[in-house]
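Notes for the one structure printed next.
Values in this text are rule-based calculations from the coordinates and carry no lab data. For clarity, every value in this text was computed on a predicted model and none was experimentally measured. Don't worry about glycine lacking a Cβ; one is built from the backbone with ideal geometry, like all the others, and counts go over all protein chains shown.
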Amino acid sequence: MFSPCSPAPLLPYPFPQIFSYLLILMTELLQQVRLIDPVTRTDQVVDVLIGDGYIGEIAPKIIPIDSETSVYNCRGLVLGSGLVDLYSHSGEPGFEERETLTSLSQAAAAGGFTRINILPNTTPAIDRPAVVAQIQQNIGKKEIGSPVPRLQVWGGITLDLAGKQLAELSDLAAAGVIGFTDNQPWENLAIVHRVLEYCQNFHKPIAFFPGDRSLLANGVMREGTIALRLGLSPIPVIAETTALAALLELVAAIGTPVHIMRVSTARSVELIARAKSQGLPITASTTWMHLLLDTRALNNYHTSLRLNPPLGNRDDMLMLRDAVRTGIIDAIAIDHTPYTFEEKVQAFAEALPGAIGLEIALPLLWQNLVETQEFQPLELWRALSTNPLSCLNQKTQAISQGVPAELTLFDPQETWVVDQAHLHTLAQNTPWFGEEIRGKVRRIWC
């Protein structure tokens, strides 16, 4: 077991563990921690006092006046706003062998996420208020431990996510869904048009995954010379961009705000940048793996790299990175998609698309983007924490005295092996499984 930060000499017992499953209400002093606050654009080394779940004080140096205060030397550690995942999958209900709500919560906490939003692709689909209520009840029953990330659910736009008949969206909104999405390319634009008109007054995010089904066909990787060499069916760039262009035209005509999920091409970035410059009410996200890998990674046919949308070419990856840094792409989503070992031990084209990521995304993004100085720490943290909240129409809050402590403590230098002994998710479908990576979340407050 690790301790979230090295204790100061006077501390007689170890720092409370993230998975000790005890409700800890105490005063804690984190000394000389690197504080990253995207709201105030703060990146500085300070002392932070946390008491009974609230931030008590932030100062260059704090002298503990209470002998009950637990003091920790946090030099070299990063403390930032709690991470927020826009969308990820839960196996429960329907496929608990992939992931349960408990294991999903534990994986989220271990990865630094204080809020996670579950996609409606469960069995049954989250397209009726009764299903929402059942999942909320199941969340309340789980012995997840403390601290517990906040789990919320997306509601399906259409019944059974089939794209043909609208769900009772007003009832789903009243039931407490975070927003609406079918999480797949739409069947026809008429449904999209109806949804945008109907949802104008709900004030909840509506998320679309752009894709032209006829152009997607049976493709499994991005078109290009590598697809030809590997003999894998290609997906053209226009499968994403033609659908995106049509969606942007509808938004321009109707005015309902939308969120664009899983942006994966350089041309899509250009379309989004132009739409934002024209004042269209849109936000956008890409997934963490599309920022780190491109089609060159597919040479070994690793089925955990079978993603939807597929990994882009190198130019796509570089354009996505620049778009996140500059804010054209608002947020980085994890899109955690767990599968059983058997479901991924297939031929590449037959494997179900998706990969896990909640526990490894922050370490790998920090290692490959921040430590290489391609991203500033604030740029990465903003795209993983406060910007996702904004995409969900939720309030962002500065890290300041008197506010609830919703925080993530991260050690950029700790190394660990991505294996079954160290992961809390039930799944193993990641290309980094069995590898040593650098960076580990020590603790969350939420």
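What does the charge dipole of the chain about its Cα centre add up to, to the nearest 20 debye, if the Cβ of each Lys and Arg holds +1 and the Cβ of each Asp and Glu holds -1?
Details: 32 positive and 45 negative charges, 113 e Å.
Using only the charged Cβ atoms, the result is roughly 540 debye.
Set Lys and Arg Cβ to +1 and Asp and Glu Cβ to -1, take the dipole of the range 89-223 about its Cα centre, and tell me which of Pro93, Gln106, Thr122 lies farthest positive.
Among Pro93, Gln106, Thr122, the one farthest towards the positive end of the dipole of the range 89-223 is Gln106.
Compute the distance from the alpha-carbon center of the range 411-445 to that of the range 83-116, in whole Å.
What the calculation gives is 15 Å, centre to centre.
Give the percent of DSSP beta bridges with both residues in the chain that are antiparallel, rounded to the nearest 5. Mind showing how you got there, number by number?
On the way: 30 of 58 bridges.
Looking only at bridges with both residues in the chain, the antiparallel portion is about 50 percent.
With springs connecting C-alpha atoms under 10 Å apart, model the chain as a Gaussian network and identify which of Leu305, Leu189, Leu169 has the largest mean-square fluctuation.
Greatest mean-square fluctuation among the candidates belongs to Leu189.
What FRET efficiency comes out for the pair Arg438/Ala133, r = Cβ-Cβ distance, R0 = 41 Å, nearest 0.05?
Once the sixth-power term is evaluated, E becomes 0.45.
So, R0 is 60 Å and r is the distance between the beta-carbons of Ala162 and Ile65; what FRET efficiency does that work out to, to 0.05? Walk me through the numbers before you get to the answer.
On the way: r = 62 Å, r/R0 = 1.03.
Efficiency computed from Cβ-Cβ geometry: 0.45.
On a full-extension model of 0.36 nm per residue, what is the gain between Val45 and Arg229, subtracting their alpha-carbon distance, rounded to one decimal in nm?
61.2 nm
Between His193 and Ala273, take the C-beta separation as r, use R0 = 25 Å, and let me know the FRET efficiency to the nearest 0.05. Numbers along the way, then the final one.
Working: r = 24 Å, r/R0 = 0.97.
The formula returns an efficiency of 0.55 here.
Tell me the label-point distance for the pair Glu97, Gln397, using the 7 Å Cα-to-Cβ offset, in nm and rounded to one decimal.
Result for the modelled spin labels: 4.2 nm.
To the nearest 20 debye, what is the magnitude of the charge dipole of the range 70-136 about its Cα centre, counting +1 on the Cβ of each Lys and Arg and -1 on the Cβ of each Asp and Glu?
Working: 4 positive and 6 negative charges, 64 e Å.
Magnitude of the dipole: close to 300 debye.
Sorted by average packing, counted as other Cβ atoms within 10 angstrom per residue and highest first, what order do 209-218, 266-275 take? The partial results should precede the final answer.
Working: 209-218: 16.1, 266-275: 19.3.
Sorting 209-218, 266-275 by mean packing, highest first, produces 266-275, 209-218.
In nm, to one decimal, how far is the modelled label at Asp322 from the one at Thr372, with both set 7 Å along Cα→Cβ?
My value for the distance between the label points is 1.5 nm.
When ranked by the protection proxy of mean other Cβ atoms within 10 Å per residue, highest first, what sequence do the peptides 124-137, 287-300 form?
Sorting 124-137, 287-300 by mean packing, highest first, produces 287-300, 124-137.
Return the loop-located chymotrypsin sites (Phe, Trp or Tyr not before Pro) in the range 293-352 (DSSP other than H, G, I, E, B) with at most 16 other Cβ atoms within 10 Å of their own Cβ; answer none if there are none. Could the numbers behind the result be given before it?
Working: sites: Tyr301, Tyr339, Phe341, Phe348; in loops: Tyr301, Tyr339.
In loop regions of the range 293-352 (DSSP not H, G, I, E or B), the sparsely surrounded chymotrypsin sites (Phe, Trp or Tyr not before Pro) are Tyr301.
Under the rule a/c < 1.5 gives rounded, and otherwise a/b versus b/c splits prolate from oblate, where does the range 81-391 land using the Cα gyration tensor? Walk me through the intermediate numbers first.
Values: a/c = 1.27, a/b = 1.10, b/c = 1.15.
It comes out rounded by the Cα gyration axes.
Give the relative contact order (percent, whole number) for the range 81-391; include only Cα pairs under 8 Å separated by 6+ residues. Could you put the intermediate results ahead of the total?
Values: 621 pairs, mean separation 55.9, N = 311.
Relative contact order of the range 81-391: 18 percent.
Based on the mean of other Cβ atoms within 10 Å per residue, sort peptides 196-203, 435-442 so the most packed one is first.
On the way: 196-203: 15.1, 435-442: 18.1.
Descending mean neighbour count gives 435-442, 196-203.
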